[in-house]
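The structure under discussion appears below in the form of structure tokens.
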Amino acid sequence: MKRIFRNLGILVVLAALVFAVYSQVTKDKIAISRDGVRIAYSVYGKGEPALVFVHGWCGSRSVWYKQIPYFAKKYKVIALDLAGHGKSGSQRKVYTQEAFGEDVAAVVSAEKENKIILIGHSMSGTVILQANRLIKDKTRGLIAIDTLKNFERFPVSRETAEEYLGPLRKDFVKNSGSFMAGMFTKNADPKLIKQVIANVARSNPQIAISTIECYFNTPVIPLLADVNVPLWCLNADLWPSFPEINSKYLKSYHLRVMPGLGHFLMVEDPDGFNKQLEDIIGRINA
């Protein structure tokens, strides 16, 4: 299993933060996705463009607890729970990346926003690409957090996908925990690691496995045809990024790396992360 992390870097974009340490005091709002699933979200602050924060695998909008108060001082901040996560509905039978993109589009439509920047962590790097296809007339920029490191990695071969999916089907709690632990550097806070593992263990295994399976089967390169705005990747260096590959497919691709951090850089170094993200947003606005 270590080979997947070390050589392929595939699971870098899988582990989207599973974190529920914080919940902003705000009233939930509801948008209805295309298939009728209720999508819970929260809104903070004012200002354009609106920043739409999208969590990843087994996570929720609470992952952005260190970003919401910081950016709400200047921008309208929208944070949502994808279907099957957090407080959103979970009656969907198959949790595709395309359907997650529709969740994001539904929230943007409900808020009647015309200028947005989509920000997605891990798995949701692909989700924001899917959402952009639906609302690209409103998108001013895309920011992928520790994801989309190599556009050519997806879709994943059946053999490689099964190396990950097989153990999860056998014992979700045990094997998901060991994978999560591999997403951190040796200097990471043990309490943070423990919290991530505990929260992933509480996820619905059927939803989690469906999500990963669909994610593995989603090609990235076709989604780039609809990207006509800057795409920034703000990545850690636990696994390598491949700008020489990505720049072949997208002229508006930009990469920034935060060294010494793991996959959960927004909570491992929130102050440094917020400054980097703020600078990227400023460059997109300019």
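The values are calculated or read from the model by the stated rules, or taken from the named source; none is laboratory data. This one's a predicted model, so the numbers in the text were calculated from it and none came from an experiment. Cβ atoms come from the backbone with ideal geometry, glycine included; neighbour counts cover every protein chain shown. Accessible surface areas use protein heavy atoms only, side chains included; no ligands, DNA or RNA. Shrake-Rupley method; radii C 1.70, N 1.55, O 1.52, S 1.80 Å.
Kirkwood hydrodynamic radius of the stretch 74-181 from all distinct Cα pairs, in Å?
Every distinct Cα pair counted, the radius reaches 15.6 Å.
Can you pull the Rg over Rh of the stretch 60-109, Cα-only, Kirkwood?
The Rg/Rh ratio comes out at 1.03.
When a/c reaches 1.5 or more, the comparison of a/b and b/c decides; with that in mind, is the stretch 98-151 rounded, prolate or oblate per its Cα gyration tensor?
prolate
For the chain, what is the accessible area per residue in Å² when the probe is 1.4 Å?
Values: 12050 Å² over 286 residues.
For the chain, the solvent-accessible area averages 42 Å² per residue.
Extension gain Thr160-Ser247, at 0.36 nm per residue separation less the Cα-Cα distance, in nm?
Working it through step by step, the gained length comes to 28.8 nm.
Return the FRET efficiency for the residue pair Val94, Lys194: r is the Cβ-Cβ distance, R0 is 30 Å, and the value is rounded to the nearest 0.05. Show your work: numbers first, answer last.
Details: r = 32 Å, r/R0 = 1.05.
Once rounded, the FRET efficiency stands at 0.40.
What translational diffusion coefficient, to the nearest whole µm²/s, does the chain have by Stokes-Einstein, given a Kirkwood radius computed over alpha-carbon pairs, a temperature of 37 °C and 0.692 mPa s viscosity? List each step's numbers first, then the result.
Values: Rh = 18.4 Å.
Here the translational diffusion coefficient equals 178 µm²/s.
Could you sort the peptides 37-50, 190-203, 69-82 by per-residue average Cβ neighbour count (10 Å cutoff), highest mean leading?
My ranking of the peptides, most packed first, is 69-82, 37-50, 190-203.
Share of the stretch 190-251's accessible area from carbon and sulfur, percent, 1.4 Å?
Working: 1710 of 2960 Å².
Result for the stretch 190-251: 58 percent of the exposed heavy-atom area is carbon or sulfur.
Roughly how compact is the stretch 123-282, stated as its Cα Rg over 2.2 N^0.38 Å to two decimals?
Working: Rg = 16.4 Å, N = 160, 2.2 N^0.38 = 15.1 Å.
Rounded to two decimals, the normalised Rg is 1.08.
Among Lys73/Lys191; Lys46/Lys66; Lys27/Lys138; Lys136/Lys275, which pairs are too far apart, with a Cα-Cα distance over 22 Å?
Distance filter (> 22 Å) returns Lys73/Lys191; Lys27/Lys138; Lys136/Lys275.
Rounded to the nearest 20 Debye, what is the dipole magnitude of the chain about its Cα centre when Lys and Arg each give +1 and Asp and Glu each give -1 at the C-beta?
Once rounded to the nearest 20, the dipole reads 360 debye.
Which whole number in µm²/s is D for the stretch 214-286 by Stokes-Einstein, with the Kirkwood Rh taken over Cα pairs at 10 °C and 1.306 mPa s?
Taking Rh from Cα pairs, D becomes 116 µm²/s.
Find how much the distance from Lys136 to Lys174 grows on full extension, using 0.36 nm per residue of separation minus their present alpha carbon separation; answer in nm with one decimal.
Extra length from Lys136 to Lys174 when fully extended: 9.7 nm.
Within the accessible area of the stretch 98-175, what % is carbon and sulfur when the probe is 1.4 Å and the other protein chains stay in place?
Roughly 44 percent, rounded to a whole number.
Mind jotting down the distance between the C-alpha centroids of the stretch 96-111 and the stretch 40-70, whole Å?
First find each Cα centre; the distance between them is then 14 Å.
Once R0 is set to 22 Å, what does the formula 1/(1 + (r/R0)^6) return for the Cβ-Cβ distance between Ile32 and Ala201, expressed as a FRET efficiency to the nearest 0.05? Display every interim value, and only then the final one.
Values: r = 30 Å, r/R0 = 1.37.
Computed FRET efficiency for Ile32 and Ala201: 0.15.
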